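Following: one structure in structure tokens, then a few remarks.
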Amino acid sequence: MKALVFIPTYNERENIEPLTMQILGLGSSISVLVIDDNSPDGTGEIADKLAEGEPRISVLHRQSKQGLGTACIAGFYFALAADFDFIIEMDADFSHDPRYLPELIGAAEAADVIVGSRYVRGGGVRNWGVHRKFLSRSANFFARKMLDLRVHDCTSGFRCYRRDVLEKLKLDDIVSNGYSFQVEVLYRCKLAGLKIVEIPIIFVDREKGKSKMSGDEIIKGMLSVFRLRSRFKRW
Ligand SMILES: Nc1nc2c(ncn2[C@@H]2O[C@H](COP(=O)(O)OP(=O)(O)OP(=O)(O)O)[C@@H](O)[C@H]2O)c(=O)[nH]1
Ligand SMILES: [Mg+2]
């Protein structure tokens, strides 16, 4: 069984090499795809160098910063065009520890979607201030209530999908792009009757590089959840 870990990057020059090396070290059945949006700090070029002579690393270059959601869609299509059985998305900034990957992939043998979850027993967040914790908790509470989701960490971007899940979802119909992308994909999985399982992770705030999260993103995310609800549900 082959797994593809795809990593969207924008200005992650300090993180991309150590992260990629750690992932490849987990086993020969795991490959990495870096999806870089022409990072001004040269992340894309670093990734190209890493890929030279290493067939398990691929790099997708996009012209400009186009958002996390469309980067993930590009990762899904890349995996489907190749022969990967498990497709994992994760952040480049070490918030998602690669040591969880074997467990995430293992759990996908018996479920459709596995979410690395901060908000189940055993999970948690390190080094976030109260403000950030409150925002994340509120975003999750809001999405769960609005869309009747059972998942506790709907905004987590550390996930493993089975190949047939991506084949089933109509990827071109996904409308969210920013942080609500994660919520929309999960909601579509729920509507499709898929089995979603959460495994606990400790999420560690980034040490290197800058966050791309903004107040703007949060408002856009909430509006997207409203849009989803009015599209698929009655008030
Ligand atoms: N390709 C691509 N990657 C992106 C884009 N925006 C963010 N990313 C990457 O998506 C991942 C998550 O972004 P972060 O900036 O860490 O966002 P976050 O985790 O919500 O914010 P922090 O907790 O503050 O780090 C990282 O690997 C980013 O480099 C984008 O527009 N395009
Ligand atoms: Mg981050």
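Read-outs: derived from the displayed coordinates by stated rules, not from any lab. Bear in mind the structure is a predicted one, so any value in this text is a computation, not a measurement. No Cβ is skipped: glycine too gets one built from the backbone with ideal geometry, and neighbour counts run over all protein chains shown.
List of remarks:
- Alpha carbon centroid spacing (whole Å) that separates region 64-86 from region 15-48: 14
- At R0 = 25 Å, FRET efficiency that the Cβ-Cβ distance of Leu223 and Asn38 yields, to 0.05: 0.40
- The relative contact order of the chain, computed from alpha carbon pairs under 8 Å that lie at least 6 residues apart in sequence, is 24 percent.
- Here the calculated FRET efficiency for Ser230 and Arg121, from their Cβ-Cβ distance with R0 = 35 Å, stands at 0.55, rounded to the nearest 0.05.
- Shape of region 15-147, Cα gyration tensor, a/c cut at 1.5: prolate
- Test item: Cα-centred dipole of region 3-232, Lys/Arg +1 and Asp/Glu -1 on Cβ, debye: 1200
- Applying a DSSP loop filter and a limit of 15 other Cβ atoms within 10 Å to the GluC sites (Glu not before Pro) in region 136-214 leaves Glu207.
- Under the span-like rule (Cα at least 18 Å along the axis, Kyte-Doolittle mean at least -1.0), DSSP H helices of the chain: 68-81, 130-147, 215-232
- Selection from Tyr119, Val197, Ala108 lying farthest towards where the dipole of region 77-224 points positive, charges on Cβ: Tyr119
- Counting only Cβ charges, +1 for Lys and Arg and -1 for Asp and Glu, the dipole size of region 73-177 around its Cα centre is about 740 debye.
- Taking amide H as placed 1.01 Å from N in the peptide plane, the amide H of Ile7 sits under 5 Å from that of Leu33, Val34, Ile35, each at least 5 places away or on another chain.
- Under a 5 Å amide H cut-off, with hydrogens placed 1.01 Å from N, Gly124 pairs with Ile201, Ile202, Phe203 among residues at least 5 apart or on other chains.
- Taking label points 7 Å from Cα along the Cα-to-Cβ direction, Leu26 and Lys170 give a separation of 3.2 nm.
- Taking a ≥ b ≥ c as the square roots of the eigenvalues of the alpha-carbon gyration tensor, region 3-232 is classed rounded because a/c is under 1.5.
- In a simple Cβ point-charge model (Lys, Arg +1; Asp, Glu -1; nothing else charged), region 131-235 has a dipole of about 240 debye relative to its Cα centre.
- Estimated at 0.36 nm per residue, the fully extended path between Lys210 and Glu109 surpasses their Cα-Cα distance by 32.9 nm.
- Leading residue at positive end of dipole, the chain (Cβ point charges), from Ser224, Val165, Ile35: Ser224
- Amide proton proximity set for Arg159, modelled H, under 5 Å, gap of 5+: Glu89, Gly116
- Loop-located trypsin sites (Lys or Arg not before Pro) in region 61-121 whose Cβ has at most 10 other Cβ within 10 Å (DSSP): Arg121
- Three-way shape call for region 162-232 based on the alpha-carbon gyration tensor, with the a/c threshold at 1.5: oblate
- HN-Hα J in Hz across region 82-98 - Karplus 6.51, -1.76, 1.60, θ = phi - 60°, x for Gly and Pro: 9, 10, 7, 8, 10, 10, 10, 10, 8, 7, 8, 8, 6, 5, 9, 6, x
- Approximating the spin labels as points 7 Å out from Cα along Cα→Cβ, the Lys145-to-Asp97 distance works out to 3.3 nm.
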